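In what follows, a single structure is set out as structure tokens and then discussed.
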Amino acid sequence: MNRSTVTVRRLDGGDEPLKGSAVTLFEDVSALSTRHGRPVPAPVMEGCLAALGPGARMARASLVQAECWGWLLAPHPPDLVAISPTGSGKTLAFLLPLIADLAAGPPPPPPPVTDVLPDAGALAELRIAPDGPQAAAAAAAAAA
């Protein structure tokens, strides 16, 4: 498949220029950046290359990978639908930008801190009995 058979079409029907020309080899992806403006993290690239086996760094990206990476590794990535034959590399085309985005993005916010306070009666029982609420209940039962 040559580049002339690849088209990028907007939902409203207009055509867009191709963006995959910046990616010809797998190692070219490391020059792109995520939507957070940070480069694709080196461990993400190294992990992908290691999974693909020796020589992957100099392997050519497939057309669907080059176009997906050109669009998805951009400051404002669009929603994207890629139609390509089985075995053409769509999974990696979508997963690499996703993993890079998660790895390079800001850390998630900390979970909220919640204080749980017992009601006043339970708090009073805890203060009366040095051994806890069971001792307070036993003392109350003995006094009755």
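The values are calculated or read from the model by the stated rules, or taken from the named source; none is laboratory data. Since this is a predicted model, take the numbers as computed values, not measurements. All Cβ positions, even for glycine, are placed from backbone atoms using ideal geometry, and neighbour counts span all protein chains on display. With ligands, DNA and RNA removed, areas are computed over all heavy atoms of the protein, side chains included. Shrake-Rupley method; radii C 1.70, N 1.55, O 1.52, S 1.80 Å.
Worth a mention:
- Pairs are defined by a Cβ separation below 6 Å, a sequence spacing of at least 6 or placement on different chains, a first member in region 21-45 that is over 22 Å from R60 (Cβ atoms) and open to solvent by less than 60 Å² (accessible area, probe 1.4 Å), and a second member that is in a helix (DSSP H, G or I) and at pLDDT 75 or above; the pairs so defined are T34/A100; T34/D101; T34/A104; P41/A103; P41/A104.
- Of the criteria (1) open to solvent by less than 50 Å² (accessible area, probe 1.4 Å); (2) within 19 Å of the chain's Cα centre (by Cα); (3) of a type outside the set (A, V, I, L, M, F, W, C), which one G53 fails: (2)
- The numbered conditions (1) among the aliphatic types (A, V, I, L, M); (2) more than 17 Å from C48 (Cβ to Cβ); (3) open to solvent by 90 Å² or more (accessible area, probe 1.4 Å) are all true for A74 except (3).
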